[in-house]
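These notes concern the structure reproduced below.
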Amino acid sequence: MEDLPLFQYGGGERWRDPYPMYANLRSNYPALHVQDGDFVVLSRLDDVLSALLDPTTFSSAQGLTLDPNERAATGLDSSALPIVMLDPPEHTAFRRLLNRGFSPRRAEELEPAIRTFTVNRLEDLQAQSEGDVIETLAKPLPSMVVAHYLGVPLVDRQQFDRWTDAIVAANSTGGALSASAAVGELVEYFLHLIEQRRNDPGDDTLSDLLQLEREGHDVPILQVLGYAFTMVAGGNDTATGLLGGALQLLTENRDARQVLINEPSKIESSVDEFLRLVSPVQGLARTATTDLTIHGTSIRRGQKVLLLYAAANRDEEAFGQTAGDLDLDRSIQKMVGFGFGRHHCLGAAVARLQARVVLEEVLERCPNFTVDASRGTFAEGAFVRRYTSLPFHFSE
């Protein structure tokens, strides 16, 4: 491993195979101080979990990237920060308010729409000798789901998708605010939609927040906007990453694919194993609030700490020597595919639902499909690993 960098940012072609680097970190540098950027990388599952469960020491309030000025760049005070940049007790209170919008019932009610969308897009792929499964299915499906949760009417979905595409692309490289035109138009749209929902509530999470406002809870308009943008920026590319990665794993593991074809009831329980290996969010940062030492590495108060989820999810200490292999019967007690603890992803249930439905339909309708990972391309950006294109062959 002498030519292997100890750590380098992901992005584009660097996402193709970061796993040897992750293994080297876990084995030899479990708490690595990266001088170029002045942050520390944690790569073992126990350390990542401990940090996620200790927001007093590892704070989200300064942002989840490695930019020390991320909080200041928002220009927002603590009452208007998005939920991902809140620590307890503010995070606890806002999370409690949001939980009702992500009930199992709401996810279950969306399944027919997800299935219809998936079937229609698979038929589009079938009509082509070779199609792009990301462009046709794995990218637009999460956008449809996010629009549904936010209550975007069908007549507005086309322009919403255009704004979403621009913001997700910008978010992967430098923050969603760099897509200034799309952000401005989407802010204006959401302000109008929020006013509509005040007068005519729907069965969506924006309406839920406004109902809480009517019940006397303090829900600032900027916090509602921040929630909407968190959904747009975080609910799209992560689901796309999971779907593309799962299809790649099924192309590479034909025996596992045959098991799921023979026993489709196992697909639901297998989703977490796909999530563990794919880990669309490869890592997110916290800020140390005190001086401490981990594995002999000193961490200063105010220093950024990168929690490397994708490395932790392949930790041999937690998952055995086959941690890098797909095992449909693996018993997963803890992992960080959707974060963990207080910041566990609100949309985890609906992300799992999308993966289950897509895998069910793909394996039923085109059991001999292949994706060509060698010709796939990856998004730029240091935190989310996702294909931007992935050739798909709909074999008979």
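Okay, here's what the table says:
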{"item": "Restricting segment 220-234 to residues that are closer than 14 Å to residue 346 by Cβ and either free of Cβ contacts under 8 Å to residues at least 24 places away in the same chain or among the aliphatic types (A, V, I, L, M) (or both), the residue that is surrounded by the fewest Cβ atoms within 10 Å (Cβ to Cβ)", "result": "231"}
{"item": "Options 109, 215, 185; residue that is over 20 Å from the mean Cα position of the chain (by Cα), modelled with pLDDT of 85 or more and over 28 Å from residue 71 (Cα atoms)", "result": "109"}
{"item": "Subset tally (residues that are part of a loop (DSSP other than H, G, I, E, B), touching a residue at least 24 places away in the same chain (Cβ under 8 Å) and of a type in the set (Ser, Thr, Tyr)) for segment 11-53", "result": "1"}
{"item": "Filter pass, residue 246 being closer than 18 Å to residue 11 by Cβ, buried (at least 21 other Cβ atoms within 10 Å of the Cβ) and either of a type in the set (S, T, N, Q) or out of contact with any Asp or Glu (no Cβ under 8 Å at 6 or more places or on another chain) (or both)", "result": "no"}
{"item": "Every residue from segment 378-396 that is in contact (Cβ under 8 Å) with a residue 60 or more places away in the chain and not hydrophobic (A, V, I, L, M, F, W, C)", "result": "380, 381, 385, 386, 387, 388, 389, 391, 393"}
{"item": "Tally, over segment 139-171, of residues that are more than 15 Å from the chain's Cα centre (by Cα), under 18 Å from residue 280 (Cβ atoms) and outside any helix (DSSP H, G or I)", "result": "0"}
{"item": "Residue list for segment 172-182, filter: surrounded by fewer than 19 Cβ atoms within 10 Å (Cβ to Cβ) and either at pLDDT 70 or above or part of a helix (DSSP H, G or I) (or both)", "result": "173, 177, 178, 180, 181"}
{"item": "Of the criteria (1) closer than 28 Å to residue 106 by Cα; (2) in contact with a Gly (Cβ under 9 Å, 6 or more places away or on another chain), which one residue 390 fails", "result": "(1)"}
{"item": "Selection count where residues are modelled with pLDDT of 70 or more, within 25 Å of residue 38 (Cβ to Cβ) and part of a helix (DSSP H, G or I), scope segment 73-89", "result": "2"}
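The values are calculated or read from the model by the stated rules, or taken from the named source; none is laboratory data. A quick note: this is a predicted structure, and the numbers were derived from the prediction, not measured. Virtual Cβ from ideal backbone geometry, glycine too; neighbours counted across all protein chains shown.
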